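What follows is a set of notes on a single structure, which appears directly below.
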Amino acid sequence: MASVKDVARLAGVSFMTVSRALNTPEKLNQETLAKVRQAVEALGYVPSLSARKIRGGHSSGKTIGVFALDTATTPFAVEMLLSMERTARENGWNVFILNVFEAPPSQQTIDLMLSHQPDGIIFSAMQLRTVEIPPVLRSLPLVLSNCMSSEPGVACYVPDDADGQYQAVRQVLKRGYRHPLCINLPQASLAWEQRQLGLRRALAEAGMSADDVPQYNLSTDDAYQETIGVLENQLWRLKGRPAFDLLICGNDRIALVAYQFLLSRGLRIPAEVAVLGYDNMIGVAELFYPPLSTVQLPYYEMGRRAAEYVIEGRNETTIHRVACPLVERESC
């Protein structure tokens, strides 16, 4: 990659002259400016935004530094990064996204981020979790997206899982289902407790007790095959016929395994068993047959609000819960 020194050498001018051409071109005569621009074009030189900021030169706007913990490498969460970038551009800001593979980030990763002189930091995660934020990052305007800080006093935007589960189950129960079965996320998941609150609220409003509803929690995040064992056990008890008329799944992956099992046993969805998912997996949930009713994880909205938090200079260091709307399709 060409450097400023390379441009100066080719143009036959000093390093400082190239710097003036990039930052204050009006201070150079047209002949010298033309030489520098020709050299820049010939070498394909791209000025460093961070270097301009360090020198006090002009840049195209302020910068948000984004730590992306799995968010840039998974198709379901990448919308969060897209919304951050779009929101930043609409407000004349830039975004620098840095993938991280552990939390807290390594010192090398932190140093790389800070070398770009960000005006604010967003720490994002693909899956709702608690993260440790190094003190050096807390010296800048900071907000978390789809994760929560292990220490108090850090603003974050997370899904409103309690209300999302409540609204979805409430709507489905209105259609007359009275014998739900739940296959949940692992109890260790941060979302588990919030969704339980929403589930219990919806059941209580329908005159049902959560203690009378069979519930099974997966042992780990990827133990989706446990779904088959749960369903086999339920069907075996009644010689192949389900005692449940509604299957509430902790996420769309659980629903996908359940679909395959139920349909393989000759059960019709939703005529005999309705299925409700959670997450609204992009490009997947609508391809179920019949299409899956599910709850939208608000990746895009969390990203947008986190970016606005930095851009607008807010200081509301609390947990901000973002609505998770029901996406009604044909499985309920």
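Are any of the residues in region 201-210 in contact (Cβ under 8 Å) with a residue 12 or more places away in the chain and in contact with an Asp or Glu (Cβ under 8 Å, 6 or more places away or on another chain)?
No - not one qualifying residue is present in region 201-210.
Taking the condition surrounded by 15 or more Cβ atoms within 10 Å (Cβ to Cβ) and in a strand (DSSP E or B), does Arg329 pass?
No; evaluated as a whole, the condition is false for this residue.
Restricting to region 197-246, name every residue that is part of a loop (DSSP other than H, G, I, E, B), among the acidic types (Asp, Glu) and closer than 30 Å to Arg129 by Cα.
Asp221, Asp222
So Asn315 passes all but one of these: (1) modelled with pLDDT under 95; (2) over 26 Å from Thr74 (Cβ atoms); (3) not assigned by TED's automatic domain parsing to the domain that holds Met148. Which condition number does it fail?
(3)
Of the residues Ala307, Ala255, which single one is in contact (Cβ under 8 Å) with a residue 12 or more places away in the chain and either farther than 19 Å from Gln196 by Cα or out of contact with any Cys (no Cβ under 8 Å at 6 or more places or on another chain) (or both)?
Going through Ala307, Ala255 in turn, just one is in contact (Cβ under 8 Å) with a residue 12 or more places away in the chain and either farther than 19 Å from Gln196 by Cα or out of contact with any Cys (no Cβ under 8 Å at 6 or more places or on another chain) (or both): Ala307.
How about region 135-164: which of its residues are within 19 Å of Thr63 (Cβ to Cβ) and over 16 Å from the mean Cα position of the chain (by Cα)?
Result: Val136, Leu137, Arg138, Ser139, Leu140, Pro141, Leu142.
Can you find a residue in region 297-310 that is within 16 Å of the chain's Cα centre (by Cα), within 20 Å of Arg253 (Cβ to Cβ) and not in a loop (DSSP other than H, G, I, E, B)?
Checked against the condition, which is being within 16 Å of the chain's Cα centre (by Cα), within 20 Å of Arg253 (Cβ to Cβ) and not in a loop (DSSP other than H, G, I, E, B), region 297-310 yields at least one hit.
If you go through region 187-207, how many residues are closer than 19 Å to Tyr157 by Cβ and crowded, with 19+ Cβ neighbours inside 10 Å?
5
Would you mention how many residues in region 185-199 are over 20 Å from Val230 (Cβ atoms) and basic (Lys, Arg)?
0
For region 258-290, which residues satisfy the criterion of being within 19 Å of Tyr177 (Cα to Cα), small (Gly, Ala, Ser) and touching a residue at least 24 places away in the same chain (Cβ under 8 Å)?
Ala258, Ala274, Gly277
Out of all the residues in region 73-104, which are over 16 Å from the mean Cα position of the chain (by Cα) and in a helix (DSSP H, G or I)?
Ala88, Arg89, Glu90
What's the number of the condition Tyr177 fails, among (1) touching a residue at least 24 places away in the same chain (Cβ under 8 Å); (2) closer than 30 Å to Arg304 by Cα?
(2)
Mind checking which pairs have a first residue in region 99-110 that is within 15 Å of Ala72 (Cα to Cα) and a second that is small (Gly, Ala, Ser) and in a loop (DSSP other than H, G, I, E, B), Cβ under 6 Å, 6 or more apart or different chains?
Asn99/Ala72
Given the conditions (1) under 30 Å from Ala202 (Cβ atoms); (2) of a type in the set (A, V, I, L, M, F, W, C); (3) part of a loop (DSSP other than H, G, I, E, B); (4) not assigned by TED's automatic domain parsing to the domain that holds Val257, and given that Ala188 satisfies all but one, which numbered condition is not satisfied?
For Ala188, the exception is condition (4).
I'd like to verify a number: residues in region 280-304 that are crowded, with 20+ Cβ neighbours inside 10 Å, out of contact with any Cys (no Cβ under 7 Å at 6 or more places or on another chain) and β-branched (Val, Ile, Thr), how many?
1
Please verify whether region 125-138 includes one or more residues that are part of a helix (DSSP H, G or I), touching a Phe, Trp or Tyr at 6+ places or on another chain (Cβ under 9 Å) and farther than 30 Å from Gln215 by Cα.
For region 125-138, residues part of a helix (DSSP H, G or I), touching a Phe, Trp or Tyr at 6+ places or on another chain (Cβ under 9 Å) and farther than 30 Å from Gln215 by Cα: present.
The values are calculated or read from the model by the stated rules, or taken from the named source; none is laboratory data. Nothing here was measured: the structure is a model prediction, and the numbers come from that model. Note that we place each Cβ from the backbone using ideal geometry, even for glycine, and neighbour counts take in every protein chain shown.
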